[in-house]
Structures are given as structure tokens and as C-alpha cells.
1. Would you kindly state how much longer the chain becomes between R19 and S179 on full extension, computed as 0.36 nm times their sequence separation minus their alpha carbon distance, in nm to one decimal?
2. Under a no-solvent Debye model with one identical scatterer per Cα of the chain, what's log10 I(q)/I(0) at q = 0.10 Å⁻¹?
3. Quote the charge dipole size of the chain about the Cα centre in Debye, to the nearest 20; the model charges only the Cβ of Lys and Arg (+1) and of Asp and Glu (-1).
4. Filter the trypsin sites (Lys or Arg not before Pro) in the stretch 113-210 to those in DSSP coil with at most 16 other Cβ atoms within 10 Å of their Cβ, and list the result.
5. Using Cα pairs under 8 angstrom and six or more residues apart, how large is the relative contact order of the chain, in percent?
6. Test of understanding: what is the full-extension gain from A299 to S241, defined as 0.36 nm times their sequence separation minus their Cα-Cα distance?
7. With Cβ to Cβ distances under 11 Å as the rule, what net charge do the other residues near E105 carry (K, R +1; D, E -1)?
8. Give the longest segment of the chain that steers clear of GluC sites (Glu not before Pro) in DSSP loops with at most 15 neighbouring Cβ atoms within 10 Å, not counting the sites themselves.
Amino acid sequence: MPSPRPARDRALQPEITERLLIATAEDGVRLSGLLMRPTKGDSSDLLAIWIHTRQLSFAEPEYIEIGRRTAQAGVPFLTINTRGHGFGSWSRGGEEPVLGGSAWEVFTDCVYDLDAWLDEARQHGFRRVVLCGHGFGGAKALHYQAQSGRREVAGLALASSASAIRPKMSNDDLDLARSMRAEGRGRDLMPWGTGGDSLKSTVSADWYLDRAQMFKELYGHGSLPPALARVSCPVFAWFGSRETRRDRDIHGFLELVRGTATRAASLETRVLKGVDFFYTGGETQVADALVDAAHALGARRNAA
């Protein structure tokens, strides 16, 4: 039996409200999210938007707990779906359903998704956001801001996001993926284990081949610098200490972030002691890091 979570001290923390939201992207795709905000003293125009990693969705238990703890500390929190949620999903709302999920999504469609969520945030009174991407969600947040330069984005938080700074998959199966596409089987799945992520999953042949463009936009190509070198807003990055393994040097990742984010207005990095990639049991530390980021953005704005 897992250990029970410690009870939150409601005498010291404001109550919160939770509201299910639906955002509609430019192409008609509808996406779900959950907004959590304090019921008292909620005068902040800054919203933390949490973007899920591969395979997961907005409603993961850890995400909800992080959101509640963040909102209880006075920072409104919105956990969202992109069309890449889950392993495979059909997103409805356009002329026809869009096949997505981590195995079939088109990475650059995250721009449509995040545009929709920033517009939705504005409808709820939030003029500024900090985009917090967990894992592959960090790559989406980074790509989005590098491409769009939205002024509402007050900061970026890269939460355990190695994908934001270096590719995770090898090119060992390029010939197989090319042959599958040539045979009209681009949507078929590659051999299990091709996914290059913590869950040892897979992706479609089309997704595997389309990585080339994604890598150029994220990690730079020719005269195009990496996305992390193109953003000018403050950047916050962290990893959990329990994420370290032979192929995942978190201190090396953070050093790479520090060396690449050359245009960022400010940069803060940290290691969360005792925390793993999925944040199970480490929700308080993650929420604290996010609240600290929000407070730093507030202090920066007041000093401007």
C-alpha cells in the first residue's frame, strides 16, 4: 500500500476553485483543461499553464496535485491537453477528427494548441502566462515561444525537459520508416521501443521521419540557432535528483541550458531533491519551484 499523502493545512492555505475548460484551436480542434485558482486574494494576472509530456494528459494525478498546491500558494494554474495527449487520440471539432497522441501528432501543431490556450487564458482575465512544459511539453513550450514571440508569455519553465535541448531518438530505423512510408504505411507503428522515452513506447513511421524538421527548429540548423537561444523571456529549468541514469545526466542538461539560453532575460536552474521524472510524491517541490518562478516574474515586473 502506498503511503498516504500528508494532509494540506487548509487553515494556512486559501481555498481554491476548479473549473473544466475547453479551448478551440484555429483549425477547430477542441482541447480540454482544468483551471485551478484561489477563491480569495486572487488578483494576479499571471497564470501558470502546464503542458503534459508524451503519453500523458492534463488530468494526471501528479499534475492535479501540483496545480492544487500551486493555486493554494496564490498562483492560478491551468493544466492543459494538446492534441498530442495520450499514446493515441482522436481530437474532434474540425471538419474531421484529427489523429494525434504521442505516436501520431504533428509536432508543429502545438502552435495552434498553445495559441488557443493563451486566448482562453485571456478570456479568464489573465494577461500574462508562464508556460511550464513537463518533459516533451517543454519542447513544445520552447518551440512555441521561439516561433510566436507572444508578448503574454512572461516566462518559460522547462520541467525535466531534456527534449527541449537535445534529441532523444536515434536514426537507426530511418530506412525502415522510409520503406513504410513508401508502401503507404506511414501511419503504422514502428517496432516497440522506438519511442525514445521513459515508457519505452513507439511512434508512427510518419512521426519518426518528421523528426528531422522538428530537430532543426528545436536544436538549430545552419544559421538558425537553437530555440532556447532565440527566446528572450526569463527561463526556469529544473530536474529531479532521481532522474539521473546512465543516458540522462541532469547536471549536464542544466549546464547545456545555461550555455544555450544566451538571450533569456534571466535564467534560474535547480535540482529537486528526491524527485523522479513523473513527480510522484514530489508534487510539493515542483509546486514550490513553479511558485518561486511566478514570484520572480512578479518581482521583475514591479522593478521594471
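Quick note: the coordinates plus some simple rules give every number you see, no bench work behind them. The model shown is predicted, which means the values in this text are computed figures rather than measured ones. All Cβ positions, even for glycine, are placed from backbone atoms using ideal geometry, and neighbour counts span all protein chains on display.
1. 53.0 nm
2. Each listed q maps to, in turn, -0.53.
3. 740
4. Working: sites: R122, R127, R128, K140, R150, R151, K168, R178, R181, R185, R187, K200; in loops: R127, R150, R151, K168, R185, R187, K200.
Qualifying residues, ordered by number: R127, R150, R151, R185, R187, K200.
5. On the way: 610 pairs, mean separation 47.3, N = 304.
Taking the mean separation of contacting Cα pairs over the length of the chain, I get 16 percent.
6. The span from A299 to S241 would gain 18.1 nm if fully extended.
7. Net charge in that neighbourhood comes out at -1.
8. After excluding every exposed loop site, the longest remaining stretch is 184-304.
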